[in-house]
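First the structure, in the form of structure tokens, and then the observations on it.
The values are calculated or read from the model by the stated rules, or taken from the named source; none is laboratory data. Just so it is clear, the structure is predicted and the values come from calculations on it, not from any experiment. Cβ placement follows ideal geometry from the backbone for every residue including glycine, while neighbour counts extend to all protein chains displayed.
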Amino acid sequence: MPRFEPFSALRYATFDQSAVAAPPYDVLSEADRQELANRHPNNIVHVDVPRESDGPDRYQVANSILRAWIDTGVLVRDPRPSFSIYRMSFRDGAGRRRSTSGVIGALEVVDEGAGGVLPHVGTTPKAKTDRLDLTRATLTNLSPVWGLSLANGLTELLIEPGEVVGVVEAEGVVHTIERVDDPARVAAISAVVGSAEVVIADGHHRYAISRTYRDERRSVDTSTGGSAELTMTYIGELIEEQLSVDAIHRLYTDTDPAKLLEALERFFETSPAGPVEASITHDMRDRGALVFVNADGTGTYLSPRSDKFADVRDLDGARLEHALADVDHEVSYQHGVDLVRDIVTSGGAAAGVLIRPVTVREIQRTADEGLLMPPKSTFFTPKLRTGPVIRPLD
């Protein structure tokens with residue numbers, strides 16, 4: 001089972017971190033990044049998504065900014081190793097008030113297929129050099145991987161508050177970060193997480209570059225004391241109350257939408273869905289249906305024919321892969337009903353298909369059976385903020 005250890009974190013000296021924290025780099029548009037950079041000169045995007053220089057030295061420039069923040073006291077390092085309890089309070093898609101809690105620490109980086117840390121979905125090809133080059137230059141883990149622990153009892157261990165060291169309020173979510181450095185409590189958290197496998201929920205590529213970086217450091221390491229053997233990870237318990245899962249919808253290009261719908265009709269019962277609005281997700285849940293998004297902004301319900309998917313996983317993404325296996329197309333992924341509709345109606349895609357969120361039960365079954373979901377099957381929300389906890393590697 002994987003090691004899970006505390007570390008001496010870098011943290012913003014300011015308590016209210018709403019102006020300096022940011023969403024994960026991989027959900028930011030260029031406009032988002034610029035707005036955050038303009039919001040505060042110490043916003044983490046200046047380091048995590050470096051644009052101060054567009055040349056090959058941009059990662060070194062990012063490191064210079066980071067070191068300047070440390071030298072001037074913008075960022076302060078904990079005096080001793082600790083875990084960081086990370087709580088989020090929010091309303092989910094159904095309008096229900098929710099609260100989740102997990103813990104940020106350093107998780108062991110294991111070889112692919114070695115066990116202990118398991119992938120959750122298949123991954124799509126993606127350039128990894130950006131995160132790797134940034135790690136090499138800054139010698140830090142800037143944003144955490146998101147892991148799900150199969151151990152029982154982690155949530156209970158996190159009920160007792162720690163020392164509140166930062167709060168972020170953004171997009172209707174309150175993020176509260178609490179430091180825990182009591183040796184007995186630290187040992188208890190380490191023991192529980194280390195007693196069972198961890199499933200990577202979000203950040204597969206970040207975990208993969210951590211493995212690459214670890215291998216590099218093993219051959220030349222004289223300065224990091226083996227810190228590359230672990231990577232910063234948020235761990236939550238794999239239970240219903242601790243997860244809020246949204247769908248990642250499909251956009252199709254390089255195909256004829258009429259032929260695409262015709263192919264889907266062999267596997268799904270169809271019926272008109274009317275204008276595509278965000279509220280259509282409630283009807284999808286009640287009907288047990290997907291929605292095909294037409295170029296005019298209307299939708300067509302797709303109700304799976306049970307006899308056509310007898311040997312297919314109970315996942316809308318798997319159903320679509322099966323139904324379109326013989327149809328030429330390119331697929332991309334988009335979170336948000338309105339965004340999918342707008343992309344299709346503006347001609348940015350030939351068609352879209354809205355899918356339903358994966359259930360926590362199916363995530364658990366996938367982990368138990370050692371299976372992989374199709375790429376982009378899950379969108380865990382809310383997203384953790386980058387900035388409140390930084391892990392030095394020096």
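Scanning the range 1-26 for residues that are part of a loop (DSSP other than H, G, I, E, B) and of a type outside the set (A, V, I, L, M) yields a total of 10. The number of residues in the range 177-213 that are of a type in the set (K, R) and more than 19 Å from P6 (Cβ to Cβ) comes to 2. Which residues, counting only those in the range 46-64, are hydrophobic (A, V, I, L, M, F, W, C) and either without any contact (Cβ under 8 Å) to a residue 24 or more places away in the chain or assigned to a loop (DSSP other than H, G, I, E, B) (or both)? Listed by number, the residues that qualify are V49, V61.
Against the conditions (1) in contact (Cβ under 8 Å) with a residue 60 or more places away in the chain; (2) among the acidic types (D, E); (3) closer than 30 Å to V47 by Cα; (4) in contact with a strand residue (DSSP E or B) (Cβ under 7 Å, 6 or more places away or on another chain), E197 satisfies every one except (3).
Among the candidates L107, L66, the residue that is crowded, with 19+ Cβ neighbours inside 10 Å, among the aliphatic types (A, V, I, L, M) and farther than 27 Å from A196 by Cβ is uniquely L66. I'd like to know if the range 339-347 contains one or more residues that are among the hydrophobic types (A, V, I, L, M, F, W, C), touching a Ser or Thr at 6+ places or on another chain (Cβ under 8 Å) and in contact (Cβ under 8 Å) with a residue 24 or more places away in the chain. Within the range 339-347, not a single residue is among the hydrophobic types (A, V, I, L, M, F, W, C), touching a Ser or Thr at 6+ places or on another chain (Cβ under 8 Å) and in contact (Cβ under 8 Å) with a residue 24 or more places away in the chain. Looking only at residues in the range 70-87 that are of a type in the set (A, V, I, L, M, F, W, C) and crowded, with 22+ Cβ neighbours inside 10 Å, which one is farthest from the chain's Cα centre (by Cα)? Within the range 70-87, the match that is farthest from the chain's Cα centre (by Cα) is L75. Sub-9 Å Cβ pairs linking a first residue in the range 65-91 that is at pLDDT below 95 to a second residue that is surrounded by fewer than 14 Cβ atoms within 10 Å (Cβ to Cβ) and in a strand (DSSP E or B), at least 6 apart or interchain, are F90/R97; F90/S99; R91/R97, ordered by first then second residue. Among the residues of the range 304-345, the one identified as surrounded by fewer than 15 Cβ atoms within 10 Å (Cβ to Cβ) and either of a type in the set (S, T, Y) or not assigned by TED's automatic domain parsing to the domain that holds A263 (or both) is S306.
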